[in-house]
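Here is the structure we will look at.
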Amino acid sequence: MALRGIYSFVISLYILYISHLDASAIPESCPTLNSTSSITQTELLQKLTLECRYDKLARPLGAINATGPITVYTSAYIYTITSNMAKTLQFGVHMMLQFRYLDERLKFSHIAPHLNQIHGGQFAQDLIWMPSVYVSNEPSSAIMGNGVKDILVSIAPSGMVILNTRLQAILNCGLRLEKFPFDVQECPLILESWTHNVADMVLRWDQESIILADELHLTEYKIIGKWVNTSEVVYTVSQQLYGHFAGNFSAISITFKLAREMGFFMMDYYIPSILIVVISWVSFWLHMDASPPRIVLGTNTILTFMTLASKVENSLPKVSYIKASEIWFLGCTIFLFAAMVEFAFVNTIYRRKKIVPLKKVNSKYILKSTLTPKLARKQYQKNTSGLERSRSWSSIDNVNSSEHDYTSQNYLTVHSFPSTLNIPSVKIEEDKDQECSVGSINTVTSTSSPKSFARRATLSQSQNFTTMTPQEIAQWIDRRSRIVFPVAFIIFNIFYWSFIWI
């Protein structure tokens, strides 16, 4: 019995000794934070982040009853924006992002009152909790908070943590090029929470959310506006998304409104193309039968414009809709092609040999008679009745009754009249057209007596027709083209630029 009592006494002493050792080990592994003026920033940060009192994987407590989500305030300082968007549909941003949040576990105002802030870089990042944020519209993005370079951490005595990191990102931007090269694009930069959903962390823009550098300059675009937005991204539960990785995640975005600089396209595309179209009108001032210079001028203007337009179109992505630059290209091409067609039309008319009868000398009848010369001659013959033709020829026969000698070339001459009377010499030439059986009067020379003038006036009134040579018609078309083409091109420009600026 005595032996058993001694054994029990020894066991109790050993238990008391072990418990004493455990109690003494707690303060040694997690020492109390006492106020001191000799502690350094590194030592203070190491004591604040000991594993016994700080869990890096646990987020800081929220501001709403210490149970809500933590709010991370964000701001951005934009250094540069590169705008090579026309071909790649992407733009680059170089900026500094700042995240600000409160972590009361890092409060040290009562421990080191002589320190105003704790500054650190990669070393401080490895010790404290940091929000995991990534750029969602970047093809390859690093998750900020995990192994990001160029990072600066600042901790205030109240536990306010400020995280600064530099970011260079290539961002996707879906361009709308209907009005290219006078388009205005809206390109976003979207930041999204990676690890924590809205129940744990919420992203918000700070008061001074976006700051643009004074030296910021874009080569192809200019910034005409910017705004920020806060939203939530929903990931539904599926076979690949479970638990914490499904739900609503907080997201914030910056949208840059960019307008394309028009100086390059005006000086290198639009003004040269206008001059090329104007040069093509020089063809209307050349002679109708000057085929070599007019053909060379027309083909060279078309080829030059095609080369000029190809440089602009090759720098753009292939889209299914029509762009404003393509409308301009099509309009200028039509004007250049129409100038060539006008020359071919005028040159063809100029080479005709038959006189064209016209009811009236105006655009309608000239073009109608020029396009359908056979129909015009038929109408001319139809309107000249048989009785009128017989009266006309009988009056001429009475005046020339003393002459019955016809030459092989169908010439009618007068010999038996007194020398004081001037009788017209009339040349009658048979129409080679099989459909026309009546000769046409080509020339009437000399002057006639008052009676012959009266007969000719009666004939003209009955016929109500006049004539023009093909050369006169060709010259008439060239003269009208000198006015019609510039006026039509001005109207096209009015409609085009009105569409651009609407």
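Nothing in this text is a laboratory measurement; each read-out follows from the coordinates by a stated rule. Keep in mind that what you see is a predicted model, and the values were worked out from it rather than measured. Backbone-built Cβ (ideal geometry, glycine too); neighbour counts: all protein chains shown.
Going 7 Å from the Cα of SER38 along its beta-carbon direction, which residues of segment 107-122 have the amide nitrogen within less than 16 Å of the resulting point?
In segment 107-122, the label zone of SER38 (backbone N under 16 Å from the point 7 Å along Cα→Cβ) covers 112-114.
Figure the gain on full extension for THR80 and LYS222 (residue separation times 0.36 nm, minus the Cα-Cα span) and round it to one decimal in nm. Don't skip to the answer; put the middle values down first.
On the way: separation 142, 0.36 × 142 = 51.12 nm, distance 1.18 nm.
Answer, rounded to one decimal: 49.9 nm.
Could you rank the peptides 68-81, 39-52 by their average count of other C-beta atoms within 10 Å per residue, with the highest value first? Intermediate results must be reported in sequence, preceding the final value.
On the way: 68-81: 18.5, 39-52: 15.3.
Listed from highest to lowest mean packing, they are 68-81, 39-52.
Sort 213-225, 97-109 by packing, meaning the average of other beta carbons within 10 Å per residue, with the highest value first. Walk me through the numbers on the way to the answer.
Details: 213-225: 12.7, 97-109: 18.6.
Packing proxy ranking, top to bottom: 97-109, 213-225.
Which FRET efficiency, nearest 0.05, do ILE490 and GLU232 yield, Cβ-Cβ r, R0 45 Å?
Numbers: r = 54 Å, r/R0 = 1.19.
E between ILE490 and GLU232, to the nearest 0.05, is 0.25.
In this model, which of LYS226/LYS323; LYS179/LYS318; LYS179/LYS257; LYS179/LYS222 are farther than 24 Å apart at the alpha-carbon? Numbers along the way, then the final one.
Working: LYS226/LYS323 26 Å; LYS179/LYS318 15 Å; LYS179/LYS257 15 Å; LYS179/LYS222 16 Å.
Going by Cα-Cα distance, LYS226/LYS323 fall outside the 24 Å limit.
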